[in-house]
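Please read the structure below before turning to the comments.
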Amino acid sequence: MSEKFDVIVVGAGPAGTSCAYTCANNGLKVLQIERGEYPGSKNVMGGVLYRQQMEEIIPEFWKEAPLERPVVEQRFWMMDKESVVTFGYKGLEWGVEPYNNFTVLRAPFDQWFAKKGIEQGVLLITETVVLECIVENGKVIGVRTDRPDGEVFADVVVLADGVNSLLGKQLGYHNEFRPDEVALTVMEVINLPKEKINDRFNLEDNQGCTIELFGDSTKGNLGTAFIYTNKESINIGVGTTLSSMIKAKLKPYDLLDYLKTHSMIKPFLEGGESAEYLAHLIPEGGYHSVPKVAGNGVLLVGDAAQLVNAIHREGSNMAMASGKMAAETIVEAKSRNDFGESSLNLYREKLYDSFIIKDLEKYKDAAHTFETHPQYFKEYVPMMNRAASKFFTVDGTPKREKQKQIMRSITGERGTLKVLQDMYRAWKAVK
Amino acid sequence: MHIVVCVKQVPDTKIIKINPKTNTLDRRSAPAILNPYDAHAVQEAVKIKKMLGKGTISVLSMGPPQATAVIKKSIEIGADEGYLISDRAFAGADTLATSYALSKALERIAKEEPVDLVICGLHAIDGDTGQVGPGIARRMDIPPVTNVIEVIELNEKENTILLKRKLANGYQLIQADYPCLMTVGKEINEIEYSPMPNMIKAARYEPIIWSVNDLENVNRPQLGLKGSPTIVGKMFTPPKPEGGKRLEGNSDEQVSQLMELLKDKKELFFAAR
Amino acid sequence: MIEEYRGVWVFIEQNEGEIEGVSLELLGAGRKLADKLEVALTGVLLGENVKALCPEIIAHGADEVYVVDHPVLKDYRTESYMKGIMLLAEKYKPEIFLYGATPNGKDLASAVATDLNTGLTADTTMLDVDLEKRLLEASRPAFGGNIMATILCKKHRPQMATVRPKVMKALERDVNRTGNIIEEEIDLKEEDMRTKVLKNVKDITKKASLADAHVVVAGGKGMGDFQGFQLIHELADAIGASVGGTRDVVEAGWLPHELQIGQTGETITPKVYFAIGISGAIQHIVGMKNSEFIIAINKDPNAPIFDVATYGIVGDALEIVPKLIEQFKELRKEKGGEVSYV
Ligand SMILES: Cc1cc2nc3c(=O)[nH]c(=O)nc-3n(C[C@H](O)[C@H](O)[C@H](O)COP(=O)(O)OP(=O)(O)OC[C@H]3O[C@@H](n4cnc5c(N)ncnc54)[C@H](O)[C@@H]3O)c2cc1C
Ligand SMILES: Cc1cc2nc3c(=O)[nH]c(=O)nc-3n(C[C@H](O)[C@H](O)[C@H](O)COP(=O)(O)OP(=O)(O)OC[C@H]3O[C@@H](n4cnc5c(N)ncnc54)[C@H](O)[C@@H]3O)c2cc1C
Ligand SMILES: Nc1ncnc2c1ncn2[C@@H]1O[C@H](COP(=O)(O)O)[C@@H](O)[C@H]1O
């Protein structure tokens, strides 16, 4: 029988590594297993890393972590075919310590983060696939890998194996996704010279910008698209729920091509060369689809626990926070030397008291609402564009008169009552 | 039986893509790897150890501190110990200076346990000279056997090892007294998928790192750049031949023109291979 | 004193009384160097009962031959052969010493360079001398990049290099050439040898057959995938040619390593060489550029392979190759379908 560890963490993404790091940091014997050639080799992310949760694990990480740019501007675009209504915020306070968010590329970042874990004493093993959890009378006691003599054992196994968590499914904690529970996102990294990026996005060398795109960016389907600026490349991606893709008979990469050639987007990308192309699922189910997260000798963290905020495209932060909570739970369980479900359920409590579940719950009906009421994307966004156009076009009509016309045209198109209902529903969904 | 395998860290030339037009090479994404031939060398040591049911396998590398990565990789494959000699004094070595430094490290390793067998890769995919192995053998005054494609048997009573050595058009059956040194190519074995215990050991392993001061009676002028008789003179792009005629027209026309041109070569075709 | 060292030497590799082709090529190359430097060209021959080969060596350009004939030298062995070479080199001090880059040549040169404490350049593909400095300029493809590096050995003698087979040209055999044959005594005892050659086995591996093939069909990454690459095999079968490929297709696992052509593979000089879907990086070129008749098929009109091709076809291999296969099948029918041996 091969040696026994305190904790085995499956996966070296943000969730796995923050858990492994925190465990090791508390003196636990940790084995972390990653199937990729190196951490980050398989991982996809639009690229906004939220400072808060990362800093709770490694204070002032920005001093050494391989980050791209601190985000100083967040823009929101309501896109129509040949127009866009934009709003957003740019604040230079975000450009100085302690910063707000950063854009990152996952491959270098995950490697760096994993290295910090190793420095804490984590044993990281790559190029190794965990095939299944070893369960002995109801308790998870270790994992079986694809290597010879591949069984390893531990008091607790933490599943940080990502959104598609086969291991979680094997344990029956969550089942195959419903198409409306996951968004399929495709993204491309496009290399551009630093100067071009700075000019086109009106940035300094050490300033980044994110643009969230709604409306025609997804051809009016439920979903969002994004453009994030790295040092010398930009990430552009688009995602919609599987269900609406199926409904609209859309292929994800068609959607991305559509976006890249969109008259409002094209100028940003001019002359860039495509560096890599990635496709990935994001659980969009949010609150409703959070599975059982603690069992007898096992915990689920990050995407594996479906902890993603579809509306704000957050995930890595929840992944890190949940990983840390899992670690803290394990440390306490260790002191009690009880790794049973009831003992580990502490993690569930932590999770449900935290911003994570609170946020997910806040938005729990959003996705569903927008899914079942396409008008938000299909009709209001174009309306806004027409309205803005009317409003800003100088044609001698007095502004007050214009506003009347706009309101009339909107209510005219959908009828006053409907509009009011829609407003209320939307407000309820995201309040 | 103490086997020492010399392993080198090299840039992954599979990834280094050369743009034939600009003549430049794209190193951006080229990670450093264990020289593929050396991986087979370590694997062969593991096979021999299994064959005998006992023995120690040490790996030795000269390079920058990051080269510890290839030592850990060797541990994954099944090595027991790993030594890295790393020092400014070694930098810029050609094959002569490299074999000198490595032989000095081998002397030191032999102090821990006498060395019975040294295995090197046939060549390193970056420099690819294949000169370091035989060089080490000469300096240790042990017989080198290059291009070994099979280790047939090892006789511990007679201290002899029976080897197949590849030739241009065939092979030699060689019996060598050990201690001796052999260099191995890729044919000699298949790299096995490392078992989990090795992976854990490697993840934990701290290679032994020596500087020049840890080596004994070293003649410094023989090290690194100073100790390297060869230097790179000029670099140049080879004169471009003007190139031949292009066959014009659509594919059918091109093909028939070509067949016409090949007429007088008929006698070469349909021959036995 | 490096001035004491004079003369250009070539190691004459013989197997069972047969001189390796590369040794004759080196006599051709060495002749040029020796004439420039105005010194003698010397062949160095070791073996058992090999004296009979000396006239051949002179006929191919040597002014003199040092021959060490001894039973212990019957088969090549590093220890015995290097003893012979050391004996001669230390006694007669050549300034330049060339070896074929064969398994034995590389093995011997590496060992000798170590004991002579001098520089050795591996796998040279170009040779020249800087006259006033009397420096050997040994050039080889540099690591990566489509560039050559010239390696110099300024302060040590002899200047040694191993040279790729089939890149230099041998001289016409001229039986009227004359030269001296100097025999050297050497004292070797079999019982002192720490390696014994139990037997030599010739086996004509795929590799050997590729080396000797008159016609080679080589494919590159341009064939798209493993499936597409099968067209290369089909064409080769239709012609009765051997198959080769670039390193990238070997790395992709479409072809075994022994069929790789180029710097880290085989160097070949067939009469006809098809380069299909091959870009023509220098590491590949050095392995095939001396083929007699080179046909390149590539869809990129600027691919460097066209620079070394006798005839180039700009087009899609996946479209052209099947047509070629048809044509050759036709041709074969004309020839009565039978396979004629050459
Ligand atoms: C297109 C896109 C854009 C996004 N944008 C953002 C963003 O801007 N900001 C943000 O915060 N979040 C974003 N997210 C979400 C974020 O990427 C995830 O929430 C986060 O990566 C979750 O981390 P994780 O560690 O839980 O899972 P992952 O990062 O997916 O890590 C799982 C790891 O486990 C490994 N693994 C899986 N199975 C096994 C196995 N059987 N054995 C061994 N190893 C295994 C995988 O190789 C992987 O390395 C985005 C997601 C997508 C798809
Ligand atoms: C140290 C070192 C040693 C090396 N040693 C060797 C060696 O020994 N041998 C070797 O070969 N390489 C060697 N290489 C690799 C070499 O540098 C090149 O990378 C390699 O030769 C390229 O192989 P390729 O031409 O098959 O692929 P590519 O360079 O990708 O070329 C593919 C070509 O196919 C063409 N093409 C694509 N589609 C089609 C089509 N449908 N029809 C027709 N043409 C098409 C393209 O235009 C392109 O020119 C070495 C590299 C290094 C760094
Ligand atoms: N720096 C080094 N450290 C350890 N081993 C080396 C080093 N350089 C060369 N070798 C060994 O010598 C073999 C041949 O290398 P080379 O002569 O450079 O082609 C390699 O396969 C290694 O086994």
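Computed values, structure above
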| item | result |
| --- | --- |
| Region C:235-284, subset of a type in the set (Val, Ile, Thr) and more than 10 Å from ligand 2 (Cβ to nearest atom), residue farthest from residue C:167 (Cα to Cα) | C:239 |
| Residue in region A:194-210 that is basic (Lys, Arg) and within 30 Å of residue A:379 (Cα to Cα) present | yes |
| Candidates A:44, A:96, filtered to the one that is touching a strand residue (DSSP E or B) at 6+ places or on another chain (Cβ under 9 Å), free of Cβ contacts under 8 Å to residues at least 60 places away in the same chain and of a type in the set (A, V, I, L, M) | A:96 |
| Sole residue being within 22 Å of the chain's Cα centre (by Cα), buried (at least 20 other Cβ atoms within 10 Å of the Cβ) and within 18 Å of residue C:123 (Cβ to Cβ), chosen from C:41, C:26, C:45 | C:26 |
| Options B:13, B:22; residue that is within 16 Å of ligand 2 (Cβ to nearest atom), surrounded by fewer than 17 Cβ atoms within 10 Å (Cβ to Cβ), of a type in the set (Val, Ile, Thr) and at pLDDT below 85 | B:22 |
| Qualifying positions in region C:253-298 - β-branched (Val, Ile, Thr), within 18 Å of residue C:222 (Cα to Cα) and more than 13 Å from the chain's Cα centre (by Cα) | C:276, C:278, C:282, C:285, C:294, C:295, C:297 |
| Subset of region C:81-100 (residues that are in contact with a Gly (Cβ under 9 Å, 6 or more places away or on another chain) and facing chain B (nearest Cβ under 10 Å)) | C:100 |
| Residue that is nearest to ligand 1 (Cβ to nearest atom) [pool: residues in region B:143-157 that are among the hydrophobic types (A, V, I, L, M, F, W, C) and open to solvent by 20 Å² or more (accessible area, probe 1.4 Å)] | B:149 |
| Looking only at region B:119-142, and only at residues there that are crowded, with 24+ Cβ neighbours inside 10 Å, more than 6 Å from ligand 3 (Cβ to nearest atom) and not small (Gly, Ala, Ser), the one that is farthest from residue B:173 (Cα to Cα) | B:136 |
| Yes/no for residue B:83 being part of a strand (DSSP E or B), among the hydroxyl-bearing types (Ser, Thr, Tyr) and touching a residue at least 12 places away in the same chain (Cβ under 8 Å) | yes |
| Hey, residue A:134 surrounded by fewer than 19 Cβ atoms within 10 Å (Cβ to Cβ) and aliphatic (A, V, I, L, M) or not | yes |
| Flag for residue B:98 being within 17 Å of the chain's Cα centre (by Cα), within 12 Å of chain C (Cβ to nearest Cβ) and in a strand (DSSP E or B) | no |
| Test: residue B:74 is crowded, with 23+ Cβ neighbours inside 10 Å, more than 16 Å from ligand 2 (Cβ to nearest atom), at pLDDT 95 or above and over 28 Å from residue B:192 (Cβ atoms) | no |
| Residue that is nearest to the chain's Cα centre (by Cα), among those in region C:1-23 that are surrounded by fewer than 24 Cβ atoms within 10 Å (Cβ to Cβ) and more than 14 Å from every other protein chain (Cβ to nearest Cβ) | C:17 |
| Region B:252-264 residues that are under 10 Å from residue C:311 (Cβ atoms), paired with ones that are surrounded by 19 or more Cβ atoms within 10 Å (Cβ to Cβ) (beta carbon under 6 Å, 6 or more apart) | B:254/B:247; B:254/C:313; B:257/B:247 |
| Region B:41-69 residues that are more than 13 Å from residue B:5 (Cβ to Cβ), paired with ones that are among the charged types (D, E, K, R) and away from ligand 3 (no atom under 14 Å from the Cβ) (beta carbon under 8 Å, 6 or more apart) | B:52/B:156 |
| Some residue of region C:242-258 being within 30 Å of residue C:334 (Cα to Cα), away from ligand 3 (no atom under 16 Å from the Cβ), charged (D, E, K, R) and open to solvent by 10 Å² or more (accessible area, probe 1.4 Å) | no |
| Out of A:161, A:149, A:110, sole residue that is acidic (Asp, Glu) and out of contact with any helix residue (DSSP H, G or I) (no Cβ under 6 Å at 6 or more places or on another chain) | A:110 |
| Residue tally, condition in a helix (DSSP H, G or I) and away from ligand 1 (no atom under 16 Å from the Cβ), over region A:319-341 | 10 |
| Lone unmet requirement of (1) open to solvent by 20 Å² or more (accessible area, probe 1.4 Å); (2) within 12 Å of ligand 3 (Cβ to nearest atom); (3) farther than 20 Å from residue C:110 by Cβ for residue B:42 | (1) |
| Residue that is most open to solvent (accessible area, probe 1.4 Å) [pool: residues in region A:18-67 that are within 12 Å of ligand 1 (Cβ to nearest atom), within 28 Å of residue A:233 (Cα to Cα) and assigned to a helix (DSSP H, G or I)] | A:52 |
| Strands (runs of 3 or more DSSP E) wholly inside region B:102-220 containing at least 2 residues that are over 24 Å from residue C:121 (Cβ atoms) and within 10 Å of another protein chain (Cβ to nearest Cβ) | B:160-167, B:170-177 |
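Rundown of residues vs (1) facing chain B (nearest Cβ under 9 Å); (2) farther than 17 Å from residue C:106 by Cβ; (3) open to solvent by 20 Å² or more (accessible area, probe 1.4 Å), yes/no style:
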{"residue": "C:121", "(1), (2), (3)": "yes, no, no"}
{"residue": "C:126", "(1), (2), (3)": "yes, yes, yes"}
{"residue": "C:129", "(1), (2), (3)": "no, yes, no"}
{"residue": "C:135", "(1), (2), (3)": "yes, yes, no"}
{"residue": "C:139", "(1), (2), (3)": "yes, yes, no"}
{"residue": "C:147", "(1), (2), (3)": "yes, yes, yes"}
{"residue": "C:150", "(1), (2), (3)": "yes, yes, no"}
{"residue": "C:154", "(1), (2), (3)": "yes, yes, yes"}
{"residue": "C:160", "(1), (2), (3)": "no, no, no"}
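The values are calculated or read from the model by the stated rules, or taken from the named source; none is laboratory data. None of these values were measured; they are calculated from a predicted model. Don't worry about glycine lacking a Cβ; one is built from the backbone with ideal geometry, like all the others, and counts go over all protein chains shown. Note: accessible area is taken over every heavy atom of the protein model, side chains too, but ligands, DNA and RNA are not part of it. Shrake-Rupley method; radii C 1.70, N 1.55, O 1.52, S 1.80 Å.
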